[in-house]
Amino acid sequence: MSVSKIAAIYAIFIGIAMLGMWISLITTNQVPEINTESIRISYHLVGEFLTAILLLIGGFGLLTNRGWGFHVFLISMGMLLYTVIVSAGYYIQQGDMVFTGMFSIMQILTVIFIVLSFYKWKEFKTK
């Protein structure tokens, strides 16, 4: 399997996981900031959902060799890198080392896929 296909699957998987996690947290009332910092968390959630949606679109674009896929993939991976850095900081502050570890691994994987997409850009571009 090519690196671009693995990267696309990673993007799609993380996009689905992000949507699932946030929907689950919101519907089970596990986002206390909705009551205490409603404006800030609303903006944060818009960013998280946009990241997830662009990961899905970019991953699909890569898998189906769309001309725009590589560009959307790169944008979404940049957005993902930002969010996994911020998320790790949030969970470090909470003292939750399991989620901190998970987000740290995601930081490493995301950087690897970003670097590989530049290093092997011809493979990532439409054939």
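We did not get these values from a lab; they are worked out from the coordinates using the rules stated. Fair warning: this is a prediction, and the values are worked out from it, not measured in the lab. In this analysis, Cβ positions are derived from the backbone assuming ideal geometry, glycine residues included, and neighbour counts consider all displayed protein chains.
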Checked against the positive end of the charge dipole of the range 3-124 (+1 on Cβ of Lys and Arg, -1 on Cβ of Asp and Glu, about the Cα centre), the farthest of Asn29, Phe13, Leu74 is Leu74
The chain - charge dipole about Cα centre, Lys and Arg +1 at Cβ, Asp and Glu -1, debye rounded to 20: 700
Per the 1/(1 + (r/R0)^6) rule, R0 = 41 Å and r from the Cβ atoms of Leu45 and Val3, FRET efficiency to 0.05 is 0.80
Candidates per GluC sites (Glu not before Pro) in the range 17-87, loop by DSSP, up to 13 other Cβ within 10 Å: Glu37
Counting each DSSP H run of 4 or more residues in the chain as -39500 (n - 2.57), what helix-only mean residue ellipticity at 222 nm follows after dividing by all residues, to the nearest 500 deg cm²/dmol? -29000 deg cm²/dmol
Which option, (i) 1.55; (ii) 0.91; (iii) 1.02, is the value of Rg/Rh (Cα atoms, Kirkwood Rh) that was calculated from these coordinates? (iii)
Any residue on another chain or 5+ positions along whose placed amide H is under 5 Å from the amide H of Lys125 is listed here as none
Net charge within 10 Å of Ser2 by Cβ-Cβ distance, Lys/Arg positive one each and Asp/Glu negative one each, not counting Ser2 itself? +1
Listed with the fewest Cβ neighbours within 10 Å leading, Arg66, Arg40 appear as Arg40, Arg66
Starting with the fewest neighbours, write out Lys122, Lys5 ranked by other beta-carbon atoms found within 10 Å of each beta-carbon. Lys122, Lys5
Exposure proxy check: Leu25, Leu62 ranked by fewest other beta carbons within 10 Å? Leu25, Leu62
Which residue, chosen from Val98, Leu63, Phe113, occupies the Cα position most advanced towards the positive end of the dipole of the chain, where the dipole is computed from +1 (Lys, Arg) and -1 (Asp, Glu) charges on Cβ about the Cα centre? Leu63
